[in-house]
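To keep things clear, I will list the structure first and then write my remarks on it.
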Amino acid sequence: MITLHHLVILFKAPKTLNWIKAAVNAGNLLRFFAIFLSFLEPSVEFVPCAVINYASTLGNVTFRVSFTAFLLLELRNLYGNKRDKQISLFLFMLRFLCTVPELANVPLKRNDICYARKFNAIITNSGIILDLLIILFLAVRFIQILRKAYSSILERPINL
């Protein structure tokens, strides 16, 4: 529901429309509805099964990649030096490249029940480890930026 609320707010106020936020919310909404449909009717034919699985995968990839882009752009907007831009671009490209095998997911159908094909451990774990690396990088950089801002506030004389 919060995703739907954010999408309504984004499109109601076009001055504040941020396409990355819209992509995050649209991917989350697509992922939610596809998973909801797969639980609603697990014994569907192969074609609807494939459509539901592809929609779920596309929503997941859209959400994760656009959320990563949103966080890395927030870092650039807050404190954009050249080193941060280069590291952010490198991490984003790695994140995007890790989603390519996910998009090649072909669903399986066994005993009239639709299954999503499971990836091997290397593909699954590399995406999780890369997400954790990006979050760790962002956390360290935000803490460094906040400490620098806090120390500059303490050094400023107070005029009463």
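The values are calculated or read from the model by the stated rules, or taken from the named source; none is laboratory data. Because the structure is predicted, anything quoted here is derived from the model rather than measured. Don't worry about glycine lacking a Cβ; one is built from the backbone with ideal geometry, like all the others, and counts go over all protein chains shown.
Table: residues versus (1) touching a helix residue (DSSP H, G or I) at 6+ places or on another chain (Cβ under 9 Å); (2) over 27 Å from Leu146 (Cβ atoms).
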site	(1), (2)
Asn60	yes, yes
Arg76	yes, no
Arg83	no, no
Phe90	no, no
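Condition first: assigned to a helix (DSSP H, G or I) and either among the aliphatic types (A, V, I, L, M) or out of contact with any Lys or Arg (no Cβ under 9 Å at 6 or more places or on another chain) (or both). Now tell me which residues in the stretch 76-94 satisfy that.
The initial filter retains those residues of the stretch 76-94 that are assigned to a helix (DSSP H, G or I), namely 76-78, 82-94.
Selection gives Asn77, Leu78, Lys82, Arg83, Gln86, Ile87, Leu89, Phe90, Leu91, Phe92, Met93, Leu94.
Do we find that Phe63 is modelled with pLDDT of 80 or more and farther than 30 Å from Ser88 by Cβ in this structure?
Numbers: modelled with pLDDT of 80 or more: yes; farther than 30 Å from Ser88 by Cβ: no.
When the stated conditions are applied, Phe63 does not pass them.
When you go through (1) surrounded by 12 or more Cβ atoms within 10 Å (Cβ to Cβ); (2) modelled with pLDDT of 65 or more one by one for Leu154, which number turns out not to apply?
In the conditions (1) surrounded by 12 or more Cβ atoms within 10 Å (Cβ to Cβ); (2) modelled with pLDDT of 65 or more, Leu154 misses (1) alone.
Mind listing whichever residues of the stretch 4-19 are surrounded by fewer than 17 Cβ atoms within 10 Å (Cβ to Cβ) and either at pLDDT 80 or above or assigned to a helix (DSSP H, G or I) (or both)? Step through it out loud before you land on a result.
Pass one, the stretch 4-19, residues surrounded by fewer than 17 Cβ atoms within 10 Å (Cβ to Cβ): 4-5, 8-9, 11-19.
Leu4, His5, Val8, Ile9, Phe11, Lys12, Pro14, Lys15, Thr16, Trp19 - these are the residues of the stretch 4-19 that are surrounded by fewer than 17 Cβ atoms within 10 Å (Cβ to Cβ) and either at pLDDT 80 or above or assigned to a helix (DSSP H, G or I) (or both).
Which is more than 12 Å from the chain's Cα centre (by Cα), surrounded by 11 or more Cβ atoms within 10 Å (Cβ to Cβ), at pLDDT 85 or above and among the hydrophobic types (A, V, I, L, M, F, W, C), of Leu37, Leu97, Leu30?
On the way: Leu37 fails: at pLDDT 85 or above; Leu97 fails: at pLDDT 85 or above.
Checking each option against the conditions leaves just Leu30.
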